[in-house]
Ligand code: ASP
C-alpha cells in the first residue's frame, strides 16, 4: 500500500468514527421491561407465567436480531416494543387498560441518543402500534409530541397501521376497570385521577445499545386504569418516562406516572451520570430506590450505558424484565428474588 492510499484509508476510518460517534463493535445489548407492580408468585398461574416469559423472550430476540445485523438501536427498541404491544398481556397496544369512560387512550415515545431526536404520541385511540407512530413523529415531523386527533391524522397520512378502537378491547382489562370504578366511586368528582387499585402497571419499554455504540430508548402504555380528563402520564414525556443520550444512558420507566413526571426520573438518572459521575447502576438505584421511595412513588426503570452495563431497579414486588447481550441468550425475570 502506498503512503497516499494508507493516509486515505486512515482518514476514511477517522471520518467513519466521528460520523458514528463511537468505536464500532460496541457490546450490543437490549434490555426490556413489561411493567412493574404488585406481582406475587402465588397469584400467578404457571401457564400465565410461561406466557409472560415467552413474550418477553420473543421481544428480546426480535430486537437482538436487528442489533446483530448491525442495525441502529432505535430499530431494536421499536421491534421489541411492537412484540409486547401486540400481546394482550401488557398494558400497551392490544392489552391497554381502559379509561374511566371505557375507552383506550395510548401513549408512546422513542428517543435516539445519538441525535437527541425524539418523537411521542399521546391519547391515541386507533393506532395499533403507538411506538411506530412515535418513531414517525421523530423522523418525519419537526415536532417531538403530537396528541389526540392530530397525532392520529398524522399517523394515518404516514401509513401507520390504523385499527378500529374495538381492537383494544380485552375481557381482562374491562374487568379491571369495573373493579376500579367500584373502588374509586367514593373519590370521584374530586378532580383527580384514581390510581389503578391493583397496582400492576404493565407498561412496556426497551433500551438498546447498537454496534456503533449508540443508545436509544422507547416506552409504550395504555396509562392507568380509570384515568380521566385526558390524563397523560410520564411515558410519552421526554425526561420523565423515557430518555436517551449517548452522553450518559438510555432509560425507560414504568410506575405511577405522576411521580415520574414530577421527579423527572429518566433525566435525573442521566444527569447523575453526566454531572455526578455515577455509574448506571448507582444512578438508577438512587432515583428508584431512594428518591421515589421517599416520595411514595411505586415503579421501576431499565437503564443502559454505552459500555453495555445495565440496571433494572424497581421498588415494587416485581417487574417483568429481560436482557440480551453479546452471547445472544435471552434472559427474563419477573419477581424480586430472581434479581
Ligand atoms: N407509567 C405509566 C403511566 O403512568 C403506567 C405504567 O407504567 O404502567 O401512564
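The values are calculated or read from the model by the stated rules, or taken from the named source; none is laboratory data. Every value quoted in this text rests on a predicted model; they were computed, and no experiment measured them. Don't worry about glycine lacking a Cβ; one is built from the backbone with ideal geometry, like all the others, and counts go over all protein chains shown.
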Can you name every residue in segment 199-214 that is surrounded by fewer than 24 Cβ atoms within 10 Å (Cβ to Cβ), part of a loop (DSSP other than H, G, I, E, B) and in contact with a strand residue (DSSP E or B) (Cβ under 7 Å, 6 or more places away or on another chain)?
199
Scanning for something modelled with pLDDT of 95 or more, away from the ligand (no atom under 14 Å from the Cβ), over 20 Å from residue 34 (Cα atoms) and in contact with a strand residue (DSSP E or B) (Cβ under 9 Å, 6 or more places away or on another chain), does segment 249-263 turn up at least one residue?
no
Any residue in segment 234-256 that is closer than 25 Å to residue 317 by Cα and free of Cβ contacts under 8 Å to residues at least 24 places away in the same chain sitting within a Cβ distance under 7 Å of a residue that is within 9 Å of the ligand (Cβ to nearest atom) and part of a strand (DSSP E or B)? List the pairs, counting only those 6 or more apart or interchain.
none
Could you look through segment 222-239, keep only residues that are over 18 Å from residue 262 (Cα atoms) and crowded, with 23+ Cβ neighbours inside 10 Å, and pick out the one that is nearest to the ligand (Cβ to nearest atom)?
222
Which of (1) crowded, with 22+ Cβ neighbours inside 10 Å; (2) more than 16 Å from the ligand (Cβ to nearest atom) is the odd one out, the single condition residue 166 does not satisfy?
(1)
Residue list for segment 104-126, restricted to those being away from the ligand (no atom under 15 Å from the Cβ) and touching a residue at least 24 places away in the same chain (Cβ under 8 Å):
110, 111, 112, 113, 114, 116, 118, 119, 125, 126
Would you point out which residue out of 287, 293 is modelled with pLDDT of 95 or more, in a helix (DSSP H, G or I) and loosely packed, with under 15 Cβ neighbours inside 10 Å?
293
Restricted to segment 208-221, and to residues that are in contact with a helix residue (DSSP H, G or I) (Cβ under 7 Å, 6 or more places away or on another chain) and closer than 20 Å to residue 34 by Cα, which residue is farthest from the ligand (Cβ to nearest atom)?
209
